[in-house]
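Beneath this line is the structure, given in structure tokens, with notes to follow.
The values are calculated or read from the model by the stated rules, or taken from the named source; none is laboratory data. Since we're looking at a predicted model, the values are computed, not measured. All Cβ positions, even for glycine, are placed from backbone atoms using ideal geometry, and neighbour counts span all protein chains on display. For the accessible areas, the whole protein counts, side chains as well, though only heavy atoms, and no ligand, DNA or RNA atoms are used. Shrake-Rupley method; radii C 1.70, N 1.55, O 1.52, S 1.80 Å.
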Amino acid sequence: MMRLDKFLNDILKLGRKDLHRIIKAGRVTVNGEVQSSPDHKIDEDTDIICLDGEEIVYRKFVYYMMNKPKGFITAMDDRRQATIADLIPKAVLDQNVFPVGRLDKDTTGLLLLTNDGQFAHRMISPKYSVEKVYHAGFDGHLREDSETLFKQGIRLDDGTECLPARLDRTGEQECIVTVTEGKYHQVKRMIASVGGTVTSLHRDMIGGIPLDSELDPGEIRPLTDDELCILMTLF
């Protein structure tokens, strides 16, 4: 149970005075009856709350995708560098979202944001084998057996063991890399271990969900119900 004004504030993000004015004006109904008391207790899971006749759906958890541009670190606060939080609208920040995993400062592409800790953990945990797909540009020449080495699971120079992954060459200096974990600079280090130096890295897809081609760098939008359903069936 929660107060009616808190329920509305969580969704509308209005000031307390504005919320109370809306409620006192009789614009809010609970289960079909006008409710003019801001402290009225409602059940956000079962009660039907409407504003001006339109139902307001309460979502405890929220899920977004961002097209992350270069030059921003994957953090919500940093005193020295620009962060992805600088790109997120205030109404979304007010929902206490955080990034699911991370992309390096110079890596671009699909980044998920949520306030659902369990969802975030499962998306990045190797236990659930959620695939992350990257398009990489590189200098140098990859070893002839690079694809086989990736399939076997690469051991990096510092002894780090990487789970089996997939490498698909798409050009002389380009490839697609698919991993199910997110170790520090992993894709860059894996490519380096077979002879390449990454010059560009872009995440195209997570768990079968591609980056929306309509999203410009720095833009954000909610996941659709269909996209969220696909991700939730992964675990």
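Quick one: net charge around MET2, please, counting Lys, Arg +1 and Asp, Glu -1 for every other residue with C-beta under 12 Å from its C-beta. All intermediate terms of the calculation are to be shown ahead of the outcome.
Values: positive: ARG3, LYS6, LYS41, LYS60; negative: ASP5, ASP10, ASP39, ASP43, GLU44, ASP45, ASP47.
Surrounding charge for MET2 is -3.
Sort ILE11, ILE154 from largest to smallest accessible area, using a 1.4 Å probe on the heavy atoms of the protein chains. Intermediate values should be presented prior to the final figure.
Numbers: ILE11 60, ILE154 10 Å².
Ranking ILE11, ILE154 by accessible area, largest first, yields ILE11, ILE154.
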Cα shape, the stretch 91-138, gyration tensor, a/c 1.5 rule
oblate
If we count every other residue with Cβ under 10 angstrom of LEU111's Cβ, Lys/Arg +1 and Asp/Glu -1, where does the sum land?
+3
Pairwise label distance in nanometres, TYR128 with ASP226, each label 7 Å out on the Cα-Cβ vector
2.2
Net charge within 15 Å of LEU149 by Cβ-Cβ distance, Lys/Arg positive one each and Asp/Glu negative one each, not counting LEU149 itself?
0
What whole number of Å gives the distance from the Cα centroid of the stretch 158-235 to the Cα centroid of the stretch 4-82?
33
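Please report the antiparallel percentage of DSSP beta bridges with both residues in the chain, rounded to the nearest 5. If you can, show how the numbers build up before the last one.
Details: 43 of 46 bridges.
Given both bridge residues lie in the chain, the antiparallel proportion sits at roughly 95 percent.
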Most mobile of LEU14, LEU87, LEU113 per a Gaussian network model of the chain (Cα springs, under 10 Å)?
LEU14
Counting only pairs 8 or more residues apart or on different chains, how many lysine pairs in the stretch 82-235 have their Cα atoms under 30 Å apart?
15
In debye to the nearest 20, how big a dipole does the stretch 1-48 give about its Cα centre with +1 on each Lys and Arg Cβ and -1 on each Asp and Glu Cβ?
400
Express the carbon and sulfur contribution to the solvent-accessible surface of the chain as a percent, rounded to the nearest whole number, probe 1.4 angstrom.
49
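Treating the beta-carbon of each Lys and Arg as +1 and of each Asp and Glu as -1, no other charges, what is the dipole magnitude of the stretch 140-183 about its Cα centre, to the nearest 20 debye?
Working: 6 positive and 10 negative charges, 27 e Å.
Dipole magnitude for the stretch 140-183 comes out near 120 debye.
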Can you give the accessible area of VAL30 in Å² (nearest 10), computed on protein heavy atoms with a 1.4 Å probe?
10
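In percent, what relative contact order does the chain have, based on Cα pairs under 8 Å that are 6 or more apart in sequence?
Numbers: 421 pairs, mean separation 45.4, N = 235.
About 19 percent, as a whole number.
Take every DSSP beta bridge whose two residues both sit in the stretch 11-146, then give the antiparallel share in percent to the nearest 5. Working shown, then result.
Details: 15 of 16 bridges.
If we restrict to bridges inside the stretch 11-146, about 95 percent are antiparallel.
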Note, the stretch 83-96: 3J(HN,Hα) by Karplus (6.51, -1.76, 1.60, θ = phi - 60°), whole Hz, Gly/Pro = x, goes 10, 4, 4, 5, 9, 8, x, 4, 4, 7, 4, 5, 8, 6
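Charges only on Cβ, +1 for Lys and Arg, -1 for Asp and Glu: so what's the dipole of the chain about the Cα centre, in debye to the nearest 20?
Working: 31 positive and 39 negative charges, 162 e Å.
Charge dipole, the chain, about its Cα centre: 780 debye, nearest 20.
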In the chain, with Lys and Arg counted as +1 and Asp and Glu as -1 at Cβ, which of these residues, LEU163, SER193, VAL97, has the Cα nearest the positive end of the dipole, that is, farthest along it?
VAL97
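Solvent-accessible area per residue for the chain at a 1.4 Å probe radius, Å²?
Values: 12890 Å² over 235 residues.
It amounts to 55 Å² per residue over the chain.
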